[in-house]
Amino acid sequence: MNLNYLKVFIEIARQGSMLGASRSLGIPNSTIGRQLSQLEKELDVRLISRNTRHLSLTEDGKELFEKTAHLIDHINEIENDTLYRKNGLSGKINISIPNEFGTIWLSSCIAKFAKRHPMISLDCSTSMVSVNPMREDMDVSIIYHRGIPDDSSLIMKNLVSIPSVVVGSKELIQKYGLPTQVSDMSSVPCISTLYALRANPWHFIDHHKNHHSQKVDCNYRVDSSNLLISAAAEGVGFAIIPQPFCQKLIDQGKLVKIELDMEPAPLHLAAIFPNRIISTRTRKLVDEIKETLESTILFQ
């Protein structure tokens with residue numbers, strides 16, 4: 001079996017089209033079609049059903065993909081490691097990061113990585129709305145979460161855990177009183193996230209390191225740390241905020257740290273990979289992101 005033809009078939013299956021495979025591999029579309037036909041001829045089976053508007057794997061195609069995709073990934077990774085040792089990092093990385101967070105904390109880190117490795121083709125996707133971290137077209141997605149992840153099967157690398165605090169303005173405390181129990185948060189105005197961090201409830205950790213959740217009264221929801229901090233300082237509601245992000249306002253007396261019977265769960269930053277085959281170039285980028293987050297957020 002010709003491995004180059006097999007690689008083309010695997011990429012067609014992943015991209016869902018010959019044109020997508022052509023763009024991904026940098027091979028003319030006509031060559032993609034010819035090499036697929038050659039593979040089908042070698043194996044004497046039809047691997048893909050196609051017409052002018054639709055492409056799908058046949059049963060033989062599905063079986064071949066399931067049995068060989070991980071092998072091709074391993075071969076590609078061996079080739080990448082060999083080329084890296086000889087010529088430095090090369091190839092393509094697709095990375096997804098949260099919009100506001102990425103531009104504040106990671107823009108310089110990723111730009112420096114791209115400058116140091118000019119043979120890397122880097123596509124960086126940002127979005128204010130949470131994206132599916134398991135998208136096959138992404139090599140890695142940077143996400144944030146509180147509490148325990150919903151899906152324990154995720155291939156995840158923890159990057160940094162940021163301690164968080166519950167805060168409120170002096171005006172808000174004068175109007176509603178000072179909460180002392182986590183359960184108090186259900187009867188005072190709170191600010192929460194719209195889509196990120198599972199929105200509502202809030203997540204806490206007790207003295208025994210057990211996780212707890214608390215529904216809060218929330219009429220203001222945002223997916224922006226700047227909007228969240230500004231609203232808390234204006235007295236719109238109480239909020240859970242990563243402590244390094246709001247420590248200056250606490251020191252200035254514009255926000256008050258609320259001491260409750262449980263600690264708010266930290267904000268976790270993590271890298272999510274769509275499969276266990278992680279390229280050397282992606283691994284190097286994630287390691288540099290981790291170092292950047294640890295130095296700029298925890299020790300600022």
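Conditions (1) open to solvent by 30 Å² or more (accessible area, probe 1.4 Å); (2) under 16 Å from the mean Cα position of the chain (by Cα); (3) at pLDDT below 90; (4) not hydrophobic (A, V, I, L, M, F, W, C), marked per residue:
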| residue | (1), (2), (3), (4) |
| --- | --- |
| ALA270 | no, yes, no, no |
| PRO274 | no, yes, yes, yes |
| ILE278 | yes, yes, yes, no |
| GLU291 | yes, no, no, yes |
| SER295 | yes, no, yes, yes |
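Look through segment 181-220, keep the residues that are among the basic types (Lys, Arg) and surrounded by fewer than 16 Cβ atoms within 10 Å (Cβ to Cβ), and return whichever of them is farthest from ILE258 (Cα to Cα). Please lay out each step first, then the result.
Residues of segment 181-220 that are among the basic types (Lys, Arg), as a first pass: 198, 209, 215.
Remaining after also requiring surrounded by fewer than 16 Cβ atoms within 10 Å (Cβ to Cβ): 209, 215.
Working: LYS209: 19, LYS215: 17 Å.
Applying the filter and picking the extreme gives LYS209.
Scanning segment 56-66 for any residue that is over 32 Å from the mean Cα position of the chain (by Cα) and surrounded by fewer than 14 Cβ atoms within 10 Å (Cβ to Cβ) turns up at least one such residue.
Taking the conditions exactly as written (crowded, with 17+ Cβ neighbours inside 10 Å, in contact with a Phe, Trp or Tyr (Cβ under 9 Å, 6 or more places away or on another chain) and more than 26 Å from ASN99 (Cβ to Cβ)), does MET156 satisfy them or not? Let's see the steps before the verdict.
Values: crowded, with 17+ Cβ neighbours inside 10 Å: yes; in contact with a Phe, Trp or Tyr (Cβ under 9 Å, 6 or more places away or on another chain): yes; more than 26 Å from ASN99 (Cβ to Cβ): no.
For MET156, the condition - crowded, with 17+ Cβ neighbours inside 10 Å, in contact with a Phe, Trp or Tyr (Cβ under 9 Å, 6 or more places away or on another chain) and more than 26 Å from ASN99 (Cβ to Cβ) - is not met.
From the list ASP261, ASP251, the lone residue that is open to solvent by 50 Å² or more (accessible area, probe 1.4 Å), free of Cβ contacts under 8 Å to residues at least 40 places away in the same chain and among the acidic types (Asp, Glu) is ASP251. All but one of (1) closer than 29 Å to SER121 by Cα; (2) open to solvent by 70 Å² or more (accessible area, probe 1.4 Å) hold for MET18; state the number of the condition that does not hold. The single condition MET18 does not satisfy is (2).
Which ones in segment 21-31 are closer than 18 Å to ILE75 by Cβ and open to solvent by 20 Å² or more (accessible area, probe 1.4 Å)? Steps first, answer last, please.
Of segment 21-31, the ones closer than 18 Å to ILE75 by Cβ are 21, 24-27.
Across segment 21-31, the qualifying residues are SER24, LEU25, GLY26, ILE27.
The one condition from (1) modelled with pLDDT under 95; (2) crowded, with 17+ Cβ neighbours inside 10 Å that VAL166 does not meet is (1).
When the helices (runs of 4 or more DSSP H) confined to segment 213-300 are screened for residues that are among the hydrophobic types (A, V, I, L, M, F, W, C) and either over 30 Å from SER121 (Cα atoms) or out of contact with any strand residue (DSSP E or B) (no Cβ under 7 Å at 6 or more places or on another chain) (or both), those reaching at least 2 such residues are found at 225-234, 243-251.
Residue-wise test of (1) hydrophobic (A, V, I, L, M, F, W, C); (2) out of contact with any Cys (no Cβ under 6 Å at 6 or more places or on another chain).
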| site | (1), (2) |
| --- | --- |
| MET185 | yes, yes |
| PRO201 | no, yes |
| ASP206 | no, yes |
| LYS209 | no, yes |
| ASP223 | no, yes |
| ILE229 | yes, no |
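Find the residue count for segment 1-15, including only residues that are in a helix (DSSP H, G or I) and open to solvent by 50 Å² or more (accessible area, probe 1.4 Å). Quick ask: steps written out before the conclusion?
In the first step, residues of segment 1-15 are kept if they are in a helix (DSSP H, G or I); the result is 3-15.
In the following step, the residues that additionally are open to solvent by 50 Å² or more (accessible area, probe 1.4 Å) were identified as 3-4, 14-15.
Number of matching residues: 4.
Kindly evaluate SER230 against the criterion of being at pLDDT below 95, within 27 Å of the chain's Cα centre (by Cα), open to solvent by 40 Å² or more (accessible area, probe 1.4 Å) and among the small types (Gly, Ala, Ser). No.
The values are calculated or read from the model by the stated rules, or taken from the named source; none is laboratory data. Since the model is a prediction, treat every value here as computed from it, not as a measurement. With ideal geometry, Cβ positions are generated from the backbone for all residues, glycine too; neighbour counts draw on all protein chains shown. For accessibility, only protein heavy atoms count, side chains too; no ligands or nucleic acids. Shrake-Rupley method; radii C 1.70, N 1.55, O 1.52, S 1.80 Å.
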